[in-house]
Amino acid sequence: MSILLTGIIVTILSLIVIVFVFIKRKKITCMVGMMVAMALGMLVGLTDGLLAGILYSGNLFFSTVLGMGFGFLAGFLTGLPISVMAIIDGVLSGIMGGMMGAMLGEMISPQHQNSMIRVMLVIFVGMIGIVLYMLQQETGFNRLSFINKIFHNPLLLSIVFLLFFYTYNHLNNTLDQGHNVSIKNSHMSHSMTNNKLSGSPLNFSTKTKKVVIEATEFAYFPKDFKLTVGQPVTLILKNSGEVEHDIEFENMKVSLLQQSHHGNHSKNQTVHIHSLPGKTAEIRFIPVESGVFRFYCTVPRHKESGMVGFVEVS
Ligand SMILES: [Cu+2]
């Protein structure tokens with residue numbers, strides 16, 4: 001959810017800078033215009049690239065194109081009222097930032113995604129503040145003088161920053177809570193129906209959580225879900241696609257309860273199931289370790305096409 005919020009903040013602040021440059025274009029020298037276009041292109045590229053990389057993890061091509069596109073657009077629009085040089089500067093920085101941001105988003109481990117978004121947002125907001133200050137110096141301090149006042153008063157500056165991040169955190173938590181509740185509810189209804197249907201002794205002692213994952217070309221639905229350490233899970237892979245798909249969990253330690261082909265019950269086994277087109281397959285296991293784990297399809301090129309997701313075990 002913080003992806004959406006961060007995206008909105010980035011867009012609003014970028015638009016403020018772009019509009020400011022456009023209005024004051026006659027007073028802005030080529031040098032300053034180039035600096036601003038470069039800074040905004042790079043910042044938007046990096047931040048939107050990071051968000052795209054996280055949002056479309058597993059599809060680096062798409063997230064790179066998206067990140068580069070946003071960076072390009074920001075650099076281009078900022079440089080446009082100034083000069084061709086400013087456009088070139090902005091566009092190239094935007095492309096570079098977008099590419100690097102997307103790679104960062106793709107590579108960062110799931111448990112650090114939120115922290116990384118926050119770090120990037122701090123850099124973004126801070127840099128935009130400096131850019132606006134620079135623009136003010138360039139064009140005179142008449143308008144938007146409140147920014148000037150803030151910058152010349154460290155106490156006021158700190159208050160504005162703290163207020164911003166407090167609001168951001170607060171909004172984020174509120175949104176996250178709503179999200180979690182809906183996930184919890186859907187899982188609860190799953191496990192209740194499951195308990196009614198199956199009568200094995202294990203289901204009486206501990207509620208089994210039933211998770212259905214649908215696989216198509218080339219995506220999982222849902223692409224993230226939650227499990228609890230020690231709670232038995234029935235994982236069903238429903239293949240609604242036209243080719244064979246499977247699901248494998250990276251480094252997730254479990255105790256397998258039963259699987260159609262293998263009879264052994266040792267701990268620390270990996271979870272892997274495959275399903276033919278139009279069929280379902282299921283596996284039962286107990287998660288033994290908490291963490292965030294990635295799952296993906298092992299059929300060649302499917303992971304790269306987007307068949308990736310995350311499970312949070314807590
Ligand atoms: Cu697949």
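Readers should treat all values here as calculations from the given coordinates under stated rules, not as data from a laboratory. Owing to the predicted nature of the structure, the values given are computational and were not obtained by experimental measurement. Cβ sites come from the backbone with ideal geometry, for glycine too, and all protein chains shown count toward neighbours.
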May I ask you to list the aspartates and glutamates whose Cα is less than 13 Å away from that of Lys209, ignoring any residue fewer than eight positions away on the same chain? Glu282
Of every Cα-Cα pair in region 2-152, the percent that sits beyond 19 Å: 49
Taking the Cα of Met116, stepping 7 Å toward and past its beta carbon, and measuring to each backbone N in region 212-242: which are under 18 Å? 224
Can you order the peptides 153-165, 271-283 by their average number of other Cβ atoms within 10 Å per residue, highest first? 271-283, 153-165
